1. With θ set to phi - 60° and the Karplus curve 6.51 cos²θ - 1.76 cosθ + 1.60, what are the ³J(HN,Hα) couplings of region 166-180 in order, to the nearest whole Hz, using x for Gly and Pro?
2. Which is farthest toward the positive dipole end of the chain among T56, V87, I121, measuring Cα position about the Cα centre, with Cβ charges +1 (Lys, Arg) and -1 (Asp, Glu)?
3. Just list whichever of K162/K250; K210/K251; K227/K250 have alpha carbons separated by over 19 Å in the model shown.
4. For K282 and K210, calculate 0.36 nm times their separation in residues minus their Cα-Cα distance, and state this gained length in nm to one decimal.
5. With Cβ to Cβ distances under 14 Å as the rule, what net charge do the other residues near Y323 carry (K, R +1; D, E -1)?
6. What is the extension gain from S173 to M77, computed as 0.36 nm multiplied by their sequence separation minus the C-alpha to C-alpha distance, in nm to one decimal?
7. Residue-wise, which Karplus ³J(HN,Hα) couplings in Hz belong to region 325-337, taking 6.51 cos²θ - 1.76 cosθ + 1.60, θ = phi - 60°, and x for glycine or proline?
8. Provide the percentage of antiparallel DSSP beta bridges, counting only those with both residues in the chain; round to the nearest 5.
Amino acid sequence: MVKIQSVKLFKLAMPLSKPFITNIRASTSLHSLIYQVVLEDGSNGYGESAENYKLTGESLTDMIDYSEKAISTIKGMDADSALTSIVNAEHYHSAKYGIEMALVDAIARSNGESVNSYLNIDAATRPLYNDTTISIMDEISTRNATSATVQAGYKCIKYKVKSGTEELNRILSVADLLSDDVSIRIDPNQAWSRQESISNIGKLQDSGIKVDFIEQPVKVDDLDGMKEITRFSRIPIVADESVFGLNDAKKVIDEGYADLINIKLIKCGGPIEAIRIANFAKEKEIGCLFGCTSEVNISLNMAACLSAGLSNVHFIDLDGLDYVDNTPFSGGIHTDNGLTYIPQAMGLGIDAETSSEYLNPIIG
């Protein structure tokens, strides 16, 4: 058993290369906590916990407070026991997934194996076809962004949308720009009412546009509305904000509230809970989507490794790197024309330039 020698904590703050605008929030910068676990044998592991207050209700200050307490608890423990302690923490916290990720990375590197091997899931070798997101914008800008995305070779385009008839018309206006091999994905982020959802879905179904799925059309507490929409729609309905951990997934799946589950590390608290959700969904013959928030190489690489290693993850929405330039991290996934590649490496295969102007040391 290898003990933890130190845990370093950094605050990452960097500008986005373009605004990210949804029904819930508008962002021009990215803020995360970065964890570096160093084991006594010299192995390093990295983790990332992004701040997304609108999704989690937790500020960066809340996340730092949690992290400081967790780090003081696990420092000096053997790494496996520390991981068990973090995984079994009773309460959800958005800072938790970065600490768990860093421990998994460090232990896998210490063992000389990939994170998938350590987590006992399939090797990350299957191809992953990623989308890229087009934010809420006017119709002309939407058409221009769509045209550029298609020309770049993407086969899947995700559109953030809000409420209103004009908003659906904006999406329908791109039909002539889409070839038969290009599909779209719609994410209202809870913006639609039940009736608006049914009306919009009907129009999308009649449009001739290939729609992979629609994410969380109504408010998280309107599960009856989700069920009604799911029964009506021929387009798969995804539960996103309605599902954080395994218990949420069980409720949504068992009650038939949605067709697919969106797993995000920031929601479920770490890779191990993500695997539990995917495995339960597989038992129930329900597919999954693996998504992200505004994150960089570390979290996106972990999410991609899990996606490739879990056979019922049918879609990925891991386009965070489309919104940042020159992160302080090297290694991990890269996307070319929508096809995401995962380099074979020990652990996550991520290295960090800790002297970067974007990283501010908090601990260590």
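1. 4, 5, 5, 4, 4, 6, 4, 5, 8, 3, 6, 8, 9, 7, 4
2. Of the listed residues, the answer is T56.
3. On the way: K162/K250 28 Å; K210/K251 29 Å; K227/K250 14 Å.
Flagged as over cut-off: K162/K250; K210/K251.
4. This chain segment gains 23.4 nm when fully extended.
5. Counting the neighbours of Y323, the net charge comes to -2.
6. Numbers: separation 96, 0.36 × 96 = 34.56 nm, distance 5.75 nm.
Extra length from S173 to M77 when fully extended: 28.8 nm.
7. 10, 6, 5, x, 10, 10, x, x, 5, 9, 10, 10, 6
8. Working: 32 of 56 bridges.
So the antiparallel bridges in the chain amount to around 55 percent.
The values are calculated or read from the model by the stated rules, or taken from the named source; none is laboratory data. Keep in mind that what you see is a predicted model, and the values were worked out from it rather than measured. Heads up, the Cβs are rebuilt from the backbone with ideal geometry, glycines too, and the neighbour counts pull from every protein chain shown. Calculation scope for accessible area: heavy atoms of the full protein, side chains included, ligands and nucleic acids excluded. Shrake-Rupley method; radii C 1.70, N 1.55, O 1.52, S 1.80 Å.
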